[in-house]
1. Among 175-185, 212-222, 4-14, what's the highest-first ranking by average C-beta atoms within 10 angstrom per residue?
2. Using the charge dipole of the range 89-219 (Lys, Arg: +1 at Cβ; Asp, Glu: -1 at Cβ; taken about the Cα centre), state which of Met181, Leu215, Thr193 has its Cα farthest towards the positive end.
3. Placing unit charges on C-beta atoms (Lys and Arg positive, Asp and Glu negative, everything else neutral), compute the dipole magnitude of the chain about its Cα centre in debye, rounded to 20.
4. Taking every eigenvalue of the Cα gyration tensor of the range 19-170, multiplying by 5 and rooting it, what semi-axes result, largest first, whole Å?
5. Using alpha carbons only, what's the Rg to Rh ratio of the range 9-105 with Rh from Kirkwood?
6. Using a 1.4 Å probe over the heavy atoms of the protein chains, calculate the carbon and sulfur portion of the accessible area of the chain as a whole percent.
7. Obtain the nm distance between the two label points defined at Arg205 and Ala63 by a simple spin-label model: each point lies 7 Å from its Cα along the Cα-to-C-beta direction.
8. Just to be sure I understand: with springs between alpha-carbon atoms less than 10 Å apart, which residue in Ala32, Ala18, Ala207 has the highest mean-square fluctuation in the Gaussian network model of the chain?
Amino acid sequence: MLARVASLASVDFGIALAEAVLGVPALQFADALNELDSAQVLRDTAFVHDLVFETVRASVPPAVARHTHGRIAAYLEQAGGEPARVAAHWLEAGDGPRALPWLGRAAEAAEQALRDREQVGFLLRKAEIEESLGRREAAFDSLVAACHAAERFETLEGCWALCDRVEALAPDARRRVVALMLRAHQCGLRMDTARGEPVGREALREARAIGDPALVAEARLELANTLY
(Lines give C-alpha, C1' and ligand atoms only; values in the text may rest on other atoms or scores of the structure.)
Protein backbone atom coordinates (compact mmCIF):
# COMPACT_ATOMS: atom_id res chain seq x y z
CA MET A 1 0.00 0.00 0.00
CA LEU A 2 2.80 2.37 0.86
CA ALA A 3 4.57 1.77 -2.44
CA ARG A 4 1.35 2.28 -4.36
CA VAL A 5 0.62 5.56 -2.61
CA ALA A 6 4.19 6.63 -3.35
CA SER A 7 3.76 5.78 -7.03
CA LEU A 8 0.55 7.79 -7.34
CA ALA A 9 1.84 10.75 -5.34
CA SER A 10 5.12 10.76 -7.31
CA VAL A 11 7.17 13.86 -6.45
CA ASP A 12 4.59 14.87 -3.83
CA PHE A 13 5.14 11.77 -1.73
CA GLY A 14 6.26 12.22 1.86
CA ILE A 15 5.66 10.83 5.32
CA ALA A 16 2.93 13.32 6.20
CA LEU A 17 1.12 12.67 2.92
CA ALA A 18 1.32 8.90 3.48
CA GLU A 19 -0.16 9.36 6.97
CA ALA A 20 -3.05 11.38 5.56
CA VAL A 21 -3.82 9.05 2.66
CA LEU A 22 -3.41 5.77 4.56
CA GLY A 23 -5.06 7.13 7.67
CA VAL A 24 -2.42 5.72 10.03
CA PRO A 25 0.48 7.26 11.98
CA ALA A 26 3.95 6.99 10.46
CA LEU A 27 5.15 4.53 13.08
CA GLN A 28 2.70 1.95 11.78
CA PHE A 29 4.33 1.88 8.34
CA ALA A 30 7.92 2.43 9.48
CA ASP A 31 8.76 -1.27 8.97
CA ALA A 32 7.22 -1.21 5.49
CA LEU A 33 9.32 1.82 4.59
CA ASN A 34 12.45 0.02 5.83
CA GLU A 35 11.57 -3.05 3.74
CA LEU A 36 11.09 -0.93 0.62
CA ASP A 37 14.45 0.70 1.26
CA SER A 38 16.19 -2.68 1.79
CA ALA A 39 14.65 -4.01 -1.41
CA GLN A 40 15.92 -0.92 -3.24
CA VAL A 41 12.41 0.09 -4.22
CA LEU A 42 12.47 3.40 -2.37
CA ARG A 43 15.37 5.44 -1.17
CA ASP A 44 14.08 7.75 1.53
CA THR A 45 10.76 8.71 -0.13
CA ALA A 46 11.66 8.41 -3.83
CA PHE A 47 11.66 5.42 -6.15
CA VAL A 48 15.12 4.13 -6.97
CA HIS A 49 14.27 2.95 -10.51
CA ASP A 50 11.78 4.36 -13.01
CA LEU A 51 10.80 0.87 -14.16
CA VAL A 52 9.81 -0.14 -10.63
CA PHE A 53 7.89 3.11 -10.23
CA GLU A 54 5.96 2.47 -13.45
CA THR A 55 5.27 -1.17 -12.55
CA VAL A 56 3.91 -0.32 -9.11
CA ARG A 57 1.81 2.53 -10.49
CA ALA A 58 0.35 0.26 -13.18
CA SER A 59 -0.65 -2.27 -10.52
CA VAL A 60 -3.22 0.11 -8.99
CA PRO A 61 -6.75 -0.45 -10.38
CA PRO A 62 -8.02 2.68 -12.18
CA ALA A 63 -10.93 3.26 -9.81
CA VAL A 64 -8.62 3.00 -6.78
CA ALA A 65 -6.07 5.27 -8.46
CA ARG A 66 -8.70 7.97 -9.09
CA HIS A 67 -9.91 7.80 -5.49
CA THR A 68 -6.35 7.96 -4.14
CA HIS A 69 -5.43 10.89 -6.37
CA GLY A 70 -8.42 12.69 -4.87
CA ARG A 71 -7.16 12.05 -1.34
CA ILE A 72 -3.68 13.20 -2.35
CA ALA A 73 -5.09 16.38 -3.89
CA ALA A 74 -7.19 17.11 -0.80
CA TYR A 75 -4.11 16.73 1.40
CA LEU A 76 -1.99 18.98 -0.82
CA GLU A 77 -4.72 21.62 -0.78
CA GLN A 78 -4.50 21.80 3.00
CA ALA A 79 -0.70 21.54 3.04
CA GLY A 80 -0.15 24.42 0.63
CA GLY A 81 0.98 22.26 -2.26
CA GLU A 82 2.21 23.63 -5.57
CA PRO A 83 -0.88 24.67 -7.60
CA ALA A 84 0.17 22.75 -10.71
CA ARG A 85 0.58 19.57 -8.69
CA VAL A 86 -2.75 19.99 -6.88
CA ALA A 87 -4.45 20.54 -10.22
CA ALA A 88 -2.74 17.49 -11.72
CA HIS A 89 -3.99 15.21 -8.94
CA TRP A 90 -7.56 16.53 -9.20
CA LEU A 91 -7.42 15.89 -12.94
CA GLU A 92 -6.12 12.36 -12.33
CA ALA A 93 -9.01 11.94 -9.91
CA GLY A 94 -11.40 12.90 -12.70
CA ASP A 95 -12.64 15.94 -10.79
CA GLY A 96 -12.35 18.83 -13.24
CA PRO A 97 -14.33 21.34 -11.14
CA ARG A 98 -11.98 20.87 -8.17
CA ALA A 99 -9.00 21.34 -10.52
CA LEU A 100 -10.25 24.66 -11.96
CA PRO A 101 -9.06 27.10 -9.25
CA TRP A 102 -5.72 25.34 -9.07
CA LEU A 103 -5.23 25.54 -12.83
CA GLY A 104 -5.85 29.28 -12.51
CA ARG A 105 -3.28 29.58 -9.74
CA ALA A 106 -0.83 27.46 -11.71
CA ALA A 107 -1.24 29.79 -14.69
CA GLU A 108 -0.57 32.81 -12.47
CA ALA A 109 2.55 31.17 -11.02
CA ALA A 110 3.80 30.31 -14.51
CA GLU A 111 3.24 33.91 -15.62
CA GLN A 112 5.23 35.26 -12.68
CA ALA A 113 8.06 32.83 -13.51
CA LEU A 114 7.96 33.87 -17.21
CA ARG A 115 7.05 30.32 -18.26
CA ASP A 116 4.72 31.38 -21.06
CA ARG A 117 4.15 27.97 -22.63
CA GLU A 118 3.21 26.44 -19.30
CA GLN A 119 0.85 29.33 -18.61
CA VAL A 120 -0.90 28.77 -21.93
CA GLY A 121 -1.17 25.05 -21.24
CA PHE A 122 -2.84 25.60 -17.88
CA LEU A 123 -5.24 28.19 -19.33
CA LEU A 124 -6.22 25.98 -22.25
CA ARG A 125 -6.92 23.04 -19.93
CA LYS A 126 -8.94 25.36 -17.70
CA ALA A 127 -10.97 26.62 -20.67
CA GLU A 128 -11.62 23.07 -21.83
CA ILE A 129 -13.06 22.09 -18.45
CA GLU A 130 -15.09 25.29 -18.15
CA GLU A 131 -16.59 24.75 -21.59
CA SER A 132 -17.47 21.14 -20.74
CA LEU A 133 -19.30 22.42 -17.66
CA GLY A 134 -21.26 24.95 -19.73
CA ARG A 135 -19.40 27.94 -18.28
CA ARG A 136 -18.96 29.73 -21.60
CA GLU A 137 -18.09 33.13 -20.17
CA ALA A 138 -15.37 31.70 -17.94
CA ALA A 139 -14.01 29.58 -20.82
CA PHE A 140 -14.02 32.67 -23.05
CA ASP A 141 -12.01 34.66 -20.50
CA SER A 142 -9.51 31.81 -20.06
CA LEU A 143 -8.96 31.58 -23.82
CA VAL A 144 -8.48 35.35 -24.11
CA ALA A 145 -5.82 35.17 -21.39
CA ALA A 146 -4.20 32.19 -23.15
CA CYS A 147 -4.05 34.11 -26.43
CA HIS A 148 -2.39 37.11 -24.77
CA ALA A 149 0.19 34.81 -23.17
CA ALA A 150 0.76 32.90 -26.42
CA GLU A 151 1.52 36.10 -28.33
CA ARG A 152 4.87 36.22 -26.54
CA PHE A 153 6.11 33.09 -28.34
CA GLU A 154 3.51 31.88 -30.85
CA THR A 155 3.30 32.72 -34.55
CA LEU A 156 0.46 34.86 -35.89
CA GLU A 157 -1.10 31.72 -37.38
CA GLY A 158 -1.00 30.03 -33.99
CA CYS A 159 -2.60 33.01 -32.27
CA TRP A 160 -5.10 33.33 -35.11
CA ALA A 161 -6.21 29.74 -34.44
CA LEU A 162 -6.68 30.60 -30.76
CA CYS A 163 -8.69 33.65 -31.80
CA ASP A 164 -10.98 31.32 -33.78
CA ARG A 165 -11.71 29.43 -30.58
CA VAL A 166 -12.25 32.67 -28.65
CA GLU A 167 -14.69 33.98 -31.25
CA ALA A 168 -16.60 30.69 -31.37
CA LEU A 169 -17.13 30.87 -27.60
CA ALA A 170 -18.25 34.53 -27.49
CA PRO A 171 -21.55 34.32 -25.56
CA ASP A 172 -22.84 37.79 -26.50
CA ALA A 173 -22.30 40.80 -28.78
CA ARG A 174 -19.92 42.53 -26.38
CA ARG A 175 -17.62 39.56 -26.13
CA ARG A 176 -17.71 39.12 -29.89
CA VAL A 177 -16.26 42.63 -30.12
CA VAL A 178 -13.60 41.62 -27.60
CA ALA A 179 -12.79 38.59 -29.76
CA LEU A 180 -12.47 40.75 -32.88
CA MET A 181 -10.26 43.25 -31.05
CA LEU A 182 -8.08 40.39 -29.86
CA ARG A 183 -7.61 39.26 -33.45
CA ALA A 184 -6.79 42.81 -34.56
CA HIS A 185 -4.38 43.13 -31.64
CA GLN A 186 -2.44 40.06 -32.80
CA CYS A 187 -2.12 41.55 -36.27
CA GLY A 188 -1.06 44.90 -34.86
CA LEU A 189 1.76 43.32 -32.88
CA ARG A 190 3.14 41.85 -36.11
CA MET A 191 2.31 44.87 -38.32
CA ASP A 192 0.04 42.77 -40.52
CA THR A 193 -2.28 45.56 -41.67
CA ALA A 194 -3.79 43.53 -44.50
CA ARG A 195 -5.42 41.10 -42.09
CA GLY A 196 -5.76 43.42 -39.12
CA GLU A 197 -7.52 46.41 -40.66
CA PRO A 198 -10.72 44.65 -41.80
CA VAL A 199 -11.09 42.93 -38.45
CA GLY A 200 -10.38 46.15 -36.55
CA ARG A 201 -13.00 48.03 -38.55
CA GLU A 202 -15.53 45.26 -37.99
CA ALA A 203 -14.88 45.44 -34.25
CA LEU A 204 -15.41 49.21 -34.31
CA ARG A 205 -18.69 48.89 -36.25
CA GLU A 206 -20.05 46.30 -33.84
CA ALA A 207 -18.91 48.31 -30.82
CA ARG A 208 -20.78 51.34 -32.13
CA ALA A 209 -23.89 49.19 -32.61
CA ILE A 210 -23.74 48.20 -28.95
CA GLY A 211 -23.48 51.86 -27.99
CA ASP A 212 -20.89 51.60 -25.21
CA PRO A 213 -18.50 54.58 -25.42
CA ALA A 214 -15.73 52.79 -23.53
CA LEU A 215 -15.93 49.77 -25.84
CA VAL A 216 -15.94 52.06 -28.88
CA ALA A 217 -12.84 53.84 -27.60
CA GLU A 218 -11.07 50.53 -27.04
CA ALA A 219 -11.99 49.35 -30.54
CA ARG A 220 -10.68 52.60 -32.03
CA LEU A 221 -7.39 52.14 -30.19
CA GLU A 222 -6.96 48.60 -31.49
CA LEU A 223 -7.73 49.74 -35.02
CA ALA A 224 -5.21 52.56 -34.70
CA ASN A 225 -2.56 50.14 -33.46
CA THR A 226 -3.26 47.90 -36.42
CA LEU A 227 -2.95 50.77 -38.90
CA TYR A 228 0.09 52.47 -37.41
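The values are calculated or read from the model by the stated rules, or taken from the named source; none is laboratory data. Since the structure is predicted, the reported quantities are computational estimates derived from the model, not experimental observations. Ideal geometry is used to build each Cβ from the backbone, glycine not excepted, and the neighbour counts take in all protein chains shown. Surface areas here come from the heavy atoms of the whole protein model, side chains and all, with no ligands, DNA or RNA. Shrake-Rupley method; radii C 1.70, N 1.55, O 1.52, S 1.80 Å.
1. Top of the packing list down: 175-185, 4-14, 212-222.
2. About the Cα centre, the residue reaching furthest to the positive side is Leu215.
3. 580
4. 37, 17, 14
5. The Rg/Rh ratio comes out at 0.98.
6. 53
7. Label-label distance for Arg205 and Ala63, simple model: 5.8 nm.
8. In the Gaussian network model the winner is Ala32.
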